[in-house]
Every structure is written in C-alpha cells, then in structure tokens.
Amino acid sequence: MTKHLTRLVTFSGIDGAGKTTQIELVCAELAQRGKKVARVAFWDDVAVMPGLRAGASLRVFRKNDRANDSALRSDKNVRTWYLTIIRSVFYLLDAVSLRSVIATVRANGPDFIVFDRYIYDQLVQIRARHWLARRYIRLLLAIAPTPDFAFILDASPDQAFHRKPEYPLLFMREYRQAFLGLRGLVPTLLVIPPAAIDDVRQQLLRYLRLKSNRDDTVDASATHEAILSDSP
C-alpha cells in the first residue's frame, strides 16, 4: 500500500510582500486541480501565547518611545536585551509546537499543507553574528520539520511600506536583508523576485509542479535555476 504523500509549503517574507494574496491564489489553484489543501497561519495556529508576546512588545515600545504617536506596530522592530531573551525561549517553544501542529494536520491526509509564515520568520529576528546565535538557529531548524517548498517572497521595502505602513521603513529594509541573508543558513529557501501578482503566481505553481513531477531528492537550488531559465 502506497503511503499518502503530503507536501509542506511555506510562505515567508516582509510585511506587504503579498504573501496572503499568493497563498489564496495558489490554494485556489490547487483545490481546482482536485488537491486537498490545509492552510495554517503560524502566528494564530502555532505560536505560543501570541497575545502575551505582542502585548509585552507594545508596553516596551511605549516606555522607550513615548514621543512617538504614530500608528506603527511595535513588536518585531522592538529590540531590547531582555525581550531578545524572552523571544528566544518562545521561539524554541514555537518550534516544538510546529512539529505537533504539522503532525496533527498531516494525520488528516491533505495533499498540501500551506503555511502563512514559518519558523524562518522567527529566525530573521535573531542576529546571527555570534556563534552561539548561529548554533541556536541550527537547533530551531533541527526541531522544525523541513518544508518541501519554502518560499520567500521578496519585495521592495519602499513599496511594501507603502502598502502596509506598520513598521518603520528603515526596519523594513533591514528586515528584507535578513530574509535574503537567511539562505546562508538555509540554502534550500526559494526566493521569488518581485513581480506582478500573476507572474509570481505562475512561478510558484511551476515550482510546485516541477518538483512534484521529479524525484523528491531534487536539489532546491538546481530547481530554482531550472525555473528561472525556463520560458513562460
């Protein structure tokens, strides 16, 4: 008896990169092709005590920046030594929770599990300059299941800020660089360059079809090059 194969697909990237739009389009396309798709939101379905974490960041932000009356959100861009320690504990709990959630969803037999954000969106919050931080990142990666397709939707920070002005523009630029730099630790990440909505959708679907029709051991970087060189 052939074991049912469930593909794990993740979408990461800066706020305003179009993740929600592309997830909806890709899931609709897969469903239209008769595939059973399970959608999971990392912050809502996986993250441990998200409300407490967001509230703590907000209190620190208001304490350290009383003069700022803007409506900018204040969780990811708040950096203090004690919040870094607290986050590190929560990220570890998130990785463990992630394994449990995927196992539970996989038991229902979907063809695809599609994640809106993943552990990678936590890793970019960690400054990986110190060897201890890099070892901690590798620990999280070892705990979290490896996706079959891990997409990073790239975007211009200026355009993303225009669409979703929730964080300071300088932070958005640093945030983007952190995502792009993550491939140094996770070379299987698939970076999708900025493009029109339908062009991005087509490229994502071509990734899914290409690897699904080949041996599961196909190298992601080789797949990336094959798709970029392939004509529409």
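The values are calculated or read from the model by the stated rules, or taken from the named source; none is laboratory data. Quick caveat, the model's predicted, so the values are computed rather than measured. Counting neighbours? That spans all protein chains shown, and the Cβs are built from the backbone with ideal geometry, glycine included.
Is it fair to say Val96 is within 17 Å of the chain's Cα centre (by Cα) and more than 28 Å from Leu205 (Cβ to Cβ)? Break it down stepwise before answering.
Values: within 17 Å of the chain's Cα centre (by Cα): yes; more than 28 Å from Leu205 (Cβ to Cβ): yes.
Yes; evaluated as a whole, the condition is true for this residue.
Could you tell me which numbered condition Tyr167 fails, if it satisfies all but one of (1) at pLDDT 90 or above; (2) in a loop (DSSP other than H, G, I, E, B); (3) not β-branched (Val, Ile, Thr)?
That leaves (1) as the condition not met.
Pull up the range 55-67, narrow it to residues that are surrounded by fewer than 15 Cβ atoms within 10 Å (Cβ to Cβ) and of a type outside the set (S, T, N, Q), then point me to the one that is modelled with the lowest pLDDT.
Filtering the range 55-67 for residues that are surrounded by fewer than 15 Cβ atoms within 10 Å (Cβ to Cβ) and of a type outside the set (S, T, N, Q), the one modelled with the lowest pLDDT comes out as Ala67.
Pull up the range 135-157, narrow it to residues that are β-branched (Val, Ile, Thr) and crowded, with 17+ Cβ neighbours inside 10 Å, then point me to the one that is farthest from Thr21 (Cα to Cα).
Taking the range 135-157 and keeping what is β-branched (Val, Ile, Thr), we get 137, 143, 146, 152.
Going one step further and asking which of them are crowded, with 17+ Cβ neighbours inside 10 Å, we end up with 137, 152.
Details: Ile137: 29, Ile152: 14 Å.
In this case the residue turns out to be Ile137.
Please enumerate the residues belonging to the range 1-54 that are outside any helix (DSSP H, G or I), crowded, with 16+ Cβ neighbours inside 10 Å, at pLDDT below 95 and charged (D, E, K, R).
Asp15, the sole residue that qualifies.
Among the residues of the range 174-191, are any at pLDDT 95 or above, part of a loop (DSSP other than H, G, I, E, B), among the hydrophobic types (A, V, I, L, M, F, W, C) and surrounded by 14 or more Cβ atoms within 10 Å (Cβ to Cβ)?
Looking for residues that are at pLDDT 95 or above, part of a loop (DSSP other than H, G, I, E, B), among the hydrophobic types (A, V, I, L, M, F, W, C) and surrounded by 14 or more Cβ atoms within 10 Å (Cβ to Cβ), one finds at least one in the range 174-191, hence yes.
Can you tell me which condition Thr104 does not meet? The list is (1) touching a residue at least 24 places away in the same chain (Cβ under 8 Å); (2) assigned to a helix (DSSP H, G or I); (3) of a type in the set (S, T, N, Q), and all the others hold.
(1)
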